[in-house]
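The values are calculated or read from the model by the stated rules, or taken from the named source; none is laboratory data. Just so you know, these numbers come straight off a predicted model, no measurement behind them. All Cβ positions, even for glycine, are placed from backbone atoms using ideal geometry, and neighbour counts span all protein chains on display. Note: accessible area is taken over every heavy atom of the protein model, side chains too, but ligands, DNA and RNA are not part of it. Shrake-Rupley method; radii C 1.70, N 1.55, O 1.52, S 1.80 Å.
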Amino acid sequence: MAGRRFRGAIMTEKYIPQTIEARWQKRWEETRLYHVDDDVPNPYFFLTMFPYPSGDLHIGHWYAYTPSDARARYLRMKGYDVMLPIGFDAFGLPAENAAIKHGIHPYQWTMRNIERMRQQLRSMGAMWDWEREVVTCQPEYYRWTQWFFLQFYKHGLAYRTRSAVDWCPNCNTTLAREQVWGEDRHCERCGTPVTKKELEQWYLRITRYAEELLRHDGINWPERVVTMQRNWIGRSEGAELIFRSEQGDDIVVFTTRPDTVYGATFMVLAPEHPLVNRLTTPDRRAAVEEYVAAAQRRTEIERLAVEKDKTGVFIGAYAINPANGERIPIWIADYVLMGYGTGAIMGVPAHDERDFAFAKEYGLPIPVVIRPPDWNGEPLTEAYTGEGPMVNSGPFDGMNSREGIKAVTAYLEARGLGRPAVTYRLRDWLISRQRYWGAPIPIIYCPQCGTVPVPEEDLPVLLPEDAEFLPTGESPLKYHEGFRRTTCPQCGGPAERETDTMDTFICSSWYQMRYVSPHYDKGPFDPKAARVWLPVKQYTGGIEHACMHLLYTRFFTKACRDMGLLDHDEPMLNLFNQGIVLGEDNEKMSKSRGNVVNPDDYVRTLGADAVRAYLMFIGPWELGGSWNSRGIEGISRFLNRVWGLVLDPTPRQGSATGEERERRIAEVWRATHKTIRTCTEHMEGFRFNVYIAALMEYTNTLLRLREAGLGGTEAWSEAIRTLVLLLAPITPHLAEELWERIGGAYSVHQQRWPEWDERLAADEMITLVVQVNGKVRDRLQVPADIAADDAKALALASAGAKRHMDGKTVRDVIYVSGKLVNIVVR
RNA sequence: GCCGAAGUGGCGGAACGGUAUACGCGGCGGUCUCAAAAACCGCUGGAGGCAGACUCCUUGUGGGUUCGAAUCCCACCUUCGGCACCA
């Protein structure tokens, strides 16, 4: 024992986290402790969303990475060959903005940050296999990002089209629908409200997978994420009906209520609808054009702001209601959106709130075709959107509207005027970005041959290093002649490259595949390694990616499967979303609030293990919690107590002998096996906070039992070994150091997870709770294996119970084995 | 408006049909010290009671189911997220 006598007590060497942490990090790396090969018997791919190399590791990174590391370490001790990789999502705007602001090249800026972050990440003491690191901005990576684009293009899953798209005026680029958030339609990245621009852009056909993306079969994801994705995809079942204009054009509308078609008294087209121009009559043209122009000028925010008032213009044309042959006017109004359904609706004012408001505004008739309950034929004061018997609906009168939906659709389908249809809210994924720092879209435009994909053997299309970064709001690639001008791979004539780059969410849609063989150069991944590791068994990360990254990567996986690249349907089988760490003031950490906690400061003073353990102790992982500087000191005290306990079994005063000693030894065994059981259960459930609480309790118990002087007994040695093993996932450095000091073989992280024996964990005596009518009236110490009748008899005789049974009749006595007796009296 | 999550001591939280408040923080008292800090030990939901015994109250609110409810069911309130003129 390394220690010296001092004032009668053994003073063990002090716990100095900084020294032992640095030492073990070095040793782990030198011995390649965390490297896993592909020929392992029990592969387990554990992944946490990789970071953007912003240049500084904040508390959020620690909160994402250290609990997941603890879980991965546990699985490893359970016998899995865990692959826990790390890398960098390295393309993106901040690098380019730094280039504009500080004149440093995005590549330099990014690689410098990565170098710095590698050091900070290492300080966490996580079991990452750095040999598998991926960096998405390096040509050996983005070559395959481009390759994927080409496969999507070949299979008809990538296309280019012109339309009104979301534009972030601050980021100076277009965004995908998923990347525009909130009521004020702001940019997900920078918070600036977006505007609309009419542009020709590249899209990936994610909508082709809408139906399959709605199903989360075979994966265990939080209900929250599943619901968010379902809402986002927004499936609506109904029918497409054809209203023929008097000029003979078919106007297709989508409706979820074909049963109400007899009540359609007008039609509304979106102002941008392609038929508007053709159908508008000369006398209405001026008014229509004015309205269309006004609608275009209006941002989405303004359109939202005028939600209550419906506006619109009659275009002079009429259409025929396909159900009853009636002639109904065609209007345009901006409450009908070109981007949803067919951009045209039938107006059924009696049974749709928006149509009702519109009809009221413009004096259009509101005939009832679904009878509301208790309706006497008077005009409606508001739309009735419920079910009911159909009326004024020709052959369908009397039919319930629920059946009417199918019946009317079939009736119109038979006449060639409709068919059942499903519409989704999900749009195709806009992937063009008007920025430099991303993977160039590998497409060439040839005046002779048109749109020509870059041949696979010519990949990667490299980003030119000498681009000029000016705050013009346009991609430097557009003005880089050397990049832009090229020759057509088909005809050899002069041609131009696409100058937009890809959304960085493409890079992260397939990074899990790259980790299985990060340096493979015959494809994006080695199929052999992919069969070993994919799909990811456990994925963890923030909920903010529910409808972006997590949807995109599912789409990628399904598309890859259909292209014959993968043989599984889902990228990640299990998902866990951690919460957010708030500042000491319970507010979100931000520089402007001045409540930012710098983890490096605490690593320096209290050690990485204390930071890790504290973050896991703060509360349930999925809920996050507030930082508390006193709280982490409490954890630090705990680790110091553990240190002293493990290294010094000497009682502070006296020790137990004889029977007393035997009782203490039994207590040690019991505490040990109970703790293994509790901790294992909590680790299985990601309940790190209670896991640590159980370890604290165990430590407190052992500190008390140390006074019995049990050093040298088998029970004590086992208890100490167990404590260190259970500590290993949470505080890997401290556990490794203690493991070595108690004579364990390197490494503690290669030990088997301890198992518990129910018999050893079982109590000899229990506290039997005595209730009268459900209220606790007494507590009795009884043997754990007490017979039911004995327990009942003891309870009935107990002083506490008697006090409350006075003069009352016992109606029933309920015994819950090993727990309580409830005496029911009246 | 629709969908989801959450409301428990002074604070973070535990228990999720059977001892409410584990564990930690804070507070109070003590040991050590000339003193303080650190460390360690004890007490700590509220009310009544001099105190122990004991009694009553307490898991957002109000009902219900049950021998027994923080836990299950119904209604409501609050907070936080997502969606929202989606036809």
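The heavy atoms of A:MET765 present about 100 square angstrom of accessible area, all protein chains included, probe 1.4 Å. Computed over protein heavy atoms with a 1.4 Å probe, the carbon and sulfur contribution to the accessible area of chain A reaches 49%.
Taking a Cβ cut-off of under 13 Å around A:ILE543, the surrounding Lys, Arg, Asp and Glu residues balance to a net charge of -2, with basic ones at +1 and acidic ones at -1. Quick check: from the Cα gyration tensor, does the range A:455-522 come out rounded (a/c under 1.5), prolate or oblate? Here the range A:455-522 falls in the oblate category. Here's the list of lysines a cross-link from A:LYS310 could span, going by alpha-carbon distance under 26 Å and ignoring same-chain residues fewer than 8 apart: A:LYS196, A:LYS197, A:LYS360. Between A:THR451 and A:ALA797, residue separation times 0.36 nm minus the direct Cα-Cα distance comes to 115.3 nm. In straight-distance terms, cross-link reach from A:LYS792 covers every one of the lysines whose alpha-carbon lies under 19 Å from its own, apart from those fewer than eight places away in the same chain; here that gives A:LYS775, A:LYS802, A:LYS808, A:LYS819.
In degrees from 0 to 90, rounded to the nearest 10, what is the angle of the helix A:549-562 Cα long axis to the longest principal axis of chain A? Helix A:549-562 sits roughly 70 degrees off the main axis of chain A. Electrostatic bookkeeping for A:TYR15 treats Lys and Arg as +1 and Asp and Glu as -1; over the other residues with beta carbon under 10 Å from its beta carbon, the sum is -1. Round to a whole angstrom and tell me the spacing of the C-alpha centers of the range A:175-215 and the range A:66-113. Taking the Cα centre of the range A:66-113 as reference, the centre of the range A:175-215 is 25 Å away.
Secondary-structure-derived ellipticity at 222 nm for chain A, considering helices only, amounts to -11000 deg cm²/dmol, per-run term -39500 (n - 2.57) for DSSP H runs with n ≥ 4.
The mean accessible area for residues of the range A:521-677, using a 1.4 Å probe and ignoring ligands and nucleic acids, is 42 Å² per residue. Loop-located trypsin sites (Lys or Arg not before Pro) in the range A:497-581 (DSSP state not H, G, I, E or B) with no more than 11 neighbouring Cβ atoms inside 10 Å: A:LYS522.
Look at where the Cα atoms of the range A:636-682 and of the range A:735-788 average out, and the two centres are 12 Å apart.
Using Cα pairs under 8 angstrom and six or more residues apart, how large is the relative contact order of the range A:687-823, in percent?
That works out to 17 percent.
Does the range A:575-629 come out rounded, prolate or oblate, given a ≥ b ≥ c as the square roots of the eigenvalues of its C-alpha gyration tensor, rounded meaning a/c under 1.5 and, failing that, prolate meaning a/b above b/c? It comes out oblate by the Cα gyration axes.
Once you sort the root eigenvalues of the Cα gyration tensor of chain A as a ≥ b ≥ c, which label holds: rounded (a/c under 1.5), prolate (a/b larger than b/c) or oblate (the other case)? Verdict is oblate for chain A.
Counting only aspartates and glutamates at least 8 places from A:LYS537 when in the same chain, those with an alpha carbon closer than 18 Å to its own are A:ASP37, A:ASP38, A:ASP39, A:ASP69, A:ASP81, A:ASP129, A:ASP217, A:GLU223, A:ASP567, A:ASP569, A:GLU570, A:GLU684.
Counting Lys and Arg as +1 and Asp and Glu as -1 over every other residue whose Cβ lies under 15 Å from the Cβ of A:GLY156, the net charge comes to +3.
With contacts taken as Cα pairs under 8 Å and at least 6 residues apart, the range A:521-628 reaches a relative contact order of 26 percent. The HN-Hα couplings worked out from phi for the range A:456-470 by the Karplus form 6.51 cos²θ - 1.76 cosθ + 1.60 (θ = phi - 60°) are 4, 6, 8, 6, x, 7, 6, 6, x, 7, 9, 5, 9, 9, 10 Hz, whole numbers, x standing for Gly and Pro. Ranked by solvent-accessible area (1.4 Å probe, protein heavy atoms only, all chains present), the residues A:TYR479, A:TYR411, A:TYR691 order from largest to smallest as A:TYR479, A:TYR411, A:TYR691. Between the helical axis of A:401-414 and the longest alpha-carbon principal axis of chain A there is an angle of about 50 degrees.
Between the Cα long axis of helix A:732-741 and the first principal axis of chain A there is an angle of about 20°, rounded to the nearest 10. Rounded to the nearest 10 square angstrom, A:ASP309 shows an accessible area of 100 square angstrom against a 1.4 Å probe. A 1.4 Å probe run over the protein chains yields, for the range A:357-432, 54 Å² of accessible area per residue, whole-number rounding. Residues whose amide H lies under 5 Å from that of A:ASP81, counting only those 5 or more places away or on a different chain, are A:ASN42, A:TYR44; hydrogens are built 1.01 Å from N in the peptide plane. Here the 3J(HN,Hα) profile of the range A:257-270, calculated from phi with Karplus coefficients 6.51, -1.76 and 1.60 at θ = phi - 60°, is 10, x, 5, 9, 4, 5, x, 6, 10, 7, 10, 10, 9, 5 Hz, Gly and Pro shown as x. The Cα center of the range A:245-272 and the Cα center of the range A:527-592 differ in position by 41 Å. Mean sequence separation of contacting Cα pairs (under 8 Å, at least six apart), scaled by the length of chain A, corresponds to a relative contact order of 14 percent. Beta bridges from DSSP with both residues in chain A: antiparallel share about 75 percent, rounded to the nearest 5. Overall, chain A carries a charge dipole of about 2020 debye about its Cα centre when +1 sits on the Cβ of Lys and Arg and -1 on the Cβ of Asp and Glu, all other atoms neutral. Surface exposure of the range A:172-222, expressed per residue as accessible area with a 1.4 Å probe, stands at 46 Å².
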